[in-house]
Structure formats: C-alpha cells, structure tokens
1. Between a residue in segment 54-70 that is closer than 11 Å to Leu3 by Cα and any residue that is in a helix (DSSP H, G or I) and β-branched (Val, Ile, Thr), which pairs come within a Cβ distance under 7 Å, given they are 6 or more apart or on different chains?
2. Taking Ser63, is it under 15 Å from the mean Cα position of the chain (by Cα), part of a helix (DSSP H, G or I) and at pLDDT 70 or above?
3. Are there any pairs, at least 6 apart or on different chains, whose C-beta atoms fall under 6 Å, with the first in segment 2-21 and over 21 Å from Leu65 (Cα atoms) and the second surrounded by 12 or more Cβ atoms within 10 Å (Cβ to Cβ) and of a type in the set (S, T, N, Q), and if so, which?
4. Any idea which residue in segment 8-60 is modelled with the highest pLDDT, counting only those that are surrounded by 13 or more Cβ atoms within 10 Å (Cβ to Cβ) and among the polar types (S, T, N, Q)?
Amino acid sequence: MILYIIEVIIAALLIGAILIQSQGTGLSSAFGGGGEFYRSKRSVEKLLVYATVFLAFAFAIVSILLLVTR
C-alpha cells in the first residue's frame, strides 16, 4: 500500500517537473525574469533536468517493485 502512495507522489512531482520546463524559452518567462541572471537561470534549469531524470528513475524502480511484489 505504501508503494502505491509513493508512486503517486513521484508521478505528480515528475509531471510538475516536466511541465515547468518550457521548450525553447527557458525558465525566464515562467518566473518573470529577464536574461540578466544568465548563470542562475542556467543552474536552475540544470537542476530541473537532473530532478526530472532522478524522478523518472525512481518512478521506474517503484513501478518494478510494484510489479514484483504482486
């Protein structure tokens, strides 16, 4: 039962991380900033990409665990 709850939470976080990433425009329009903070914007985007990869990996692991424990 706890694995189902964890999977739903990871899925919601993964969907949110994917939706925040704007294709081609970056995060400047999402947070209302301009291009003056180039380095910080880049680091936030990089962190978001790493978080997306981590969440996708965690989702796959939990899904496999749910399949095995059936």
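The values are calculated or read from the model by the stated rules, or taken from the named source; none is laboratory data. Predicted model only: the values in this text are computed from it and were never measured. All Cβ positions, even for glycine, are placed from backbone atoms using ideal geometry, and neighbour counts span all protein chains on display.
1. Sorted first by the residue in segment 54-70, then by its partner, the pairs are Phe59/Ile10; Val62/Ile6; Val62/Ile10.
2. When the stated conditions are applied, Ser63 does not pass them.
3. The qualifying pairs are Ala17/Thr52.
4. Thr52
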